[in-house]
Structure formats: C-alpha cells, structure tokens
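Asks: What follows is a single structure, and I will ask about it in a moment.
The values are calculated or read from the model by the stated rules, or taken from the named source; none is laboratory data. Just so it is clear, the model here is predicted, and its values are computed rather than measured. All Cβ positions, glycine included, derive from the backbone under ideal geometry; neighbour counts span all protein chains shown. The area values use the complete protein model at the heavy-atom level, side chains included, leaving out ligands, DNA and RNA. Shrake-Rupley method; radii C 1.70, N 1.55, O 1.52, S 1.80 Å.
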Amino acid sequence: MREILRRRVLDGVLLRLIDKWLNAGVLEDGGVSYPGEGTPQGGVISPLLANIYLHHVLDEWFQSEVKPRLQSVAHLFRYADDAVMVFASERDARRVMSVLPKRFDKYGLHLHPDKTRLLAFGRPPRRKRGEDGRDDGPRKGPGTFDMLGFTFYWGLSVKGNWVVKQRTAKDRLRRALHRVASWCPEHLHDPVRTQWQMLCAKLRGHDATTASAATSAASWPSTSGWSRLGSSGSTEGRVMRGCHGTR
C-alpha cells in the first residue's frame with residue numbers, strides 16, 4: 001500500500017498523516033485493537049485507500065497487461081470493490097478468469113467465491129416474424145447479474161429490439177419494502193402530515209439510490225399498509241396523491 005501511495009503522493013506530510021491513519025486503533029466492545037495489515041475497518045480514509053489500491057491491482061493491470069493480450073474487445077467497470085468485466089470472446093473471459101485469482105493473491109486480496117462467476121450475457125438472436133406474421137423469437141434473454149443494487153438483464157425495447165435493462169435487485173427492494181412496512185405501525189399515531197412527509201422522503205431516497213424506472217413504481221404498493229393504518233376518507237386520498245406529486 002505505501003509503495004503504491006508513494007507513486008501518486010509526493011507530499012511527505014500527507015504520507016505521514018496516512019501512516020497515522022493506517023496505524024490507528026479500532027475501538028470495539030470497550031477495547032482497542034490494532035490491525036496487523038490493511039486499512040482500519042470503518043476508518044474514514046479506508047474507502048479512499050482501498051480505491052487507490054484496487055486501481056493499481058485491477059484497473060491498471062487490466063488496461064496495460066490484459067487488454068493487449070486479448071483477441072477481442074473487453075471492458076472493465078469497477079465501483080469500489082465491485083467490478084464487472086465484459087468480453088466479446090468467451091475464450092478471453094476464461095483466460096482472464098484463470099489468472100485473476102493469482103493477481104489478487106499477489107497483493108493479499110481474495111475474490112468472493114459466491115459473487116465471482118462467468119456468465120453468458122451475449123445479445124439474444126434477432127427476433128423474426130414467421131409467414132403468419134407472428135413473432136417467433138425468444139421472449140427472454142440470457143442470464144442476469146447484480147451490481148450496485150441493480151439487476152442487469154436483456155429485455156425488449158418498445159420497438160422490439162434487444163437492449164440491456166436494469167431493475168432494482170430483489171434483495172434491495174425487499175429490504176426497502178420491509179423497512180417501510182415496519183415503520184408504518186410504529187408511527188401510526190403521528191400526525192398524518194408527518195407520516196406523509198416521512199414516507200415521501202423514504203420513497204424519494206429509494207428512487208435516488210437503487211430504484212430504476214422499472215421498479216420505482218413497484219415501491220408504491222408498500223404505502224398501502226399506511227393507507228390501511230392511517231387516516232380514512234378524503235384526507236387520506238389527498239395525502240397519497242400529494243406524495244405522488246412530490247416525486
């Protein structure tokens with residue numbers, strides 16, 4: 001880590017400050033522990049240092065060492081410690097998959113065994129119409145994969161062409177619905193306007209982070225629990241319509 005930092009940071013004062021961060025203890029259950037390696041868990045500097053480290057371990061290596069040796073086009077997309085590699089050739093994908101664990105082991109890192117996998121994600125065959133005019137092409141694309149709270153999959157556009165779409169990952173959506181459903185009965189006796197403001201804030205937060213166009217609307221049924229528990233009559237109708245209007 002320090003060697004990689006010295007390639008990018010020349011200010012000695014800043015390097016000494018980073019050293020103090022790396023040696024900082026962690027207070028947990030009333031006791032202080034000092035990490036033997038890596039960055040302090042939960043440290044404010046840890047995400048930044050991890051990003052610099054992975055930039056050298058993965059990004060630069062993929063760009064300078066991997067891509068020149070491939071037979072076809074390939075791309076790497078990484079955010080923090082989540083990454084997706086896209087290959088036009090299955091042979092290239094398998095070659096990189098075989099050397100990737102060795103690259104990580106060299107720097108003391110390990111791939112997640114459950115999340116690291118090869119997936120066929122090529123464009124589905126072009127849809128054709130039979131002599132009777134009926135569409136005989138496949139209705140579903142190949143497998144899906146999750147990244148950053150979204151599920152990416154092949155779907156049909158309005159014009160019937162295959163495009164890559166995204167929707168909120170099922171586990172993220174399930175957690176969001178559960179939090180709202182649990183919040184409603186706990187605040188049943190709060191003023192109606194207060195409940196409305198909080199629910200609107202929760203739904204806007206979901207839309208701004210892990211909601212997609214396909215699942216944003218799906219989050220609204222979660223407010224039905226509030227509709228049943230909250231005020232009745234015309235007041236409730238006005239509140240719900242107002243919440244929709246704030247999106």
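Asks: Give a residue-ordered list of calculated ³J(HN,Hα) values for region 91-102 (Karplus: 6.51 cos²θ - 1.76 cosθ + 1.60, θ = phi - 60°; whole Hz; x for Gly, Pro).
Replies: 4, 4, 4, 5, 5, 5, 4, 6, 9, 4, x, 5
Asks: Moving on. Rounded to the nearest 10 Å², what accessible area does W21 show when all protein chains are kept and the probe is 1.4 Å?
Replies: W21 has an accessible surface of roughly 90 Å² with all protein chains in place.
Asks: Past the 25 Å Cα-Cα mark, which pairs from K159/K202; K20/K115; K20/K102; K115/K165?
Replies: Violating the 25 Å limit, Cα to Cα: K159/K202; K20/K115; K20/K102.
Asks: Let's test the formula: R0 of 25 Å, r as the Cβ-Cβ distance of K102 and L148. What FRET efficiency results, to the nearest 0.05? Intermediate results must be reported in sequence, preceding the final value.
Replies: Values: r = 26 Å, r/R0 = 1.06.
That pair, K102 with L148, gives E of 0.40.
Asks: I need the peptides 64-71, 86-93, 10-17 ranked by packing, meaning the mean over residues of other C-beta atoms within 10 angstrom, with the highest value on top.
Replies: In descending order of packing, they fall as 86-93, 64-71, 10-17.
Asks: Estimate the FRET efficiency between L14 and A201 by the formula 1/(1 + (r/R0)^6), using the beta-carbon distance for r and 51 Å for R0, to the nearest 0.05. Could you put the intermediate results ahead of the total?
Replies: On the way: r = 38 Å, r/R0 = 0.75.
So the FRET efficiency works out to roughly 0.85.
Asks: Report ³J(HN,Hα) in whole Hz for each residue of region 183-197, in order, from the Karplus equation J = 6.51 cos²θ - 1.76 cosθ + 1.60 where θ = phi - 60°; Gly and Pro get x.
Replies: For region 183-197, the Karplus curve yields 5, 4, x, 5, 10, 4, 9, 6, x, 4, 5, 5, 4, 4, 5 Hz.
Asks: Moving to a separate point now. With a sphere of radius 14 Å drawn around the Cβ of R95, what net charge do the other residues whose Cβ falls strictly inside it have (Lys, Arg +1; Asp, Glu -1)? Could the numbers behind the result be given before it?
Replies: Values: positive: K67, R69, R91, R94, K102, R103; negative: E65, E90, D92.
With Lys, Arg at +1 and Asp, Glu at -1, the net is +3.
Asks: Which length gain, in nm to one decimal place, applies between S46 and L111 when the Cα-Cα distance is subtracted from 0.36 nm times their residue separation? Please report the intermediate quantities before stating the final value.
Replies: Details: separation 65, 0.36 × 65 = 23.40 nm, distance 1.87 nm.
Stretched out fully, the S46 to L111 stretch lengthens by 21.5 nm.
Asks: Then there is this: Using r as the Cβ-Cβ distance of E90 and S182, and R0 as 45 Å, what FRET efficiency do you calculate, to the nearest 0.05?
Replies: Details: r = 45 Å, r/R0 = 1.00.
Efficiency computed from Cβ-Cβ geometry: 0.50.
Asks: So how far apart, in nm, are the two label points at R174 and K67 if each is 7 Å from Cα heading toward Cβ?
Replies: Label-label distance for R174 and K67, simple model: 3.8 nm.
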